[in-house]
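Every number here is computed from the coordinates shown, using simple stated rules; none is lab data. These numbers come from a predicted model, not from an experiment. In this analysis, Cβ positions are derived from the backbone assuming ideal geometry, glycine residues included, and neighbour counts consider all displayed protein chains.
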Amino acid sequence: MTTSKICSELGFSSRTLERYRKRNPENNPFPEPDITAVGAPNKWYRHKVITWQEAETKIERDKPLASLHAARSNRGRFTQRSGA
């Protein structure tokens, strides 16, 4: 699969793909391309992309806007977490 094919199927930009590739190893980075050549598009084996996608969906993340329910002071400001 080429970069453009991956991006169109997964619904993100080529810049986002690069960000995923540069993640730390413990954060499920996108695999390095299997085929690279000067002047040619990078290519990945489909099974590696699918394996990455399955691992990505299993990562637990905070729910969107979860911080809106965080503790607030009597003036409406967010309070510090006790562990910070």
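Values as computed for the structure displayed
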| read-out | value |
| --- | --- |
| Using θ = phi - 60° and Karplus 6.51 cos²θ - 1.76 cosθ + 1.60, couplings along the range 9-20 (whole Hz; Gly, Pro as x) | 6, 8, x, 9, 7, 5, 5, 5, 4, 5, 4, 5 |
| Listed residue (24, 57, 37) projecting farthest to the positive dipole end of the range 3-57, Cβ model | 37 |
| Within the chain, helix-based [θ] at 222 nm, where runs of 4 or more DSSP H residues each add -39,500 (n - 2.57), nearest 500 | -9500 deg cm²/dmol |
| Dimensions (Å) - the chain, Cα atoms, principal axes, largest first | 60, 21, 20 |
| Sequence-distant aspartates and glutamates (8 or more away, or on other chains) whose Cα lies within less than 20 Å of residue 63 | 54 |
| Charge dipole (debye, nearest 20) of the chain; +1 at Cβ of Lys and Arg, -1 at Cβ of Asp and Glu | 480 |
| Protection proxy ranking of 6-13, 21-28 - average other beta-carbon atoms within 10 Å, highest first | 6-13, 21-28 |
| Under 21 Å from the Cα of residue 5 - lysines, other chains or at least 8 residues apart | 22, 43, 48 |
| Positive minus negative residues near residue 34 (Lys, Arg vs Asp, Glu; Cβ under 9 Å) | +1 |
| Kirkwood-Stokes translational diffusion coefficient of the range 18-62, alpha-carbon pairs, 25 °C, 0.890 mPa s, µm²/s | 210 |
| Length-normalised contact order for the chain - Cα pairs under 8 Å, 6+ apart - percent | 20 |
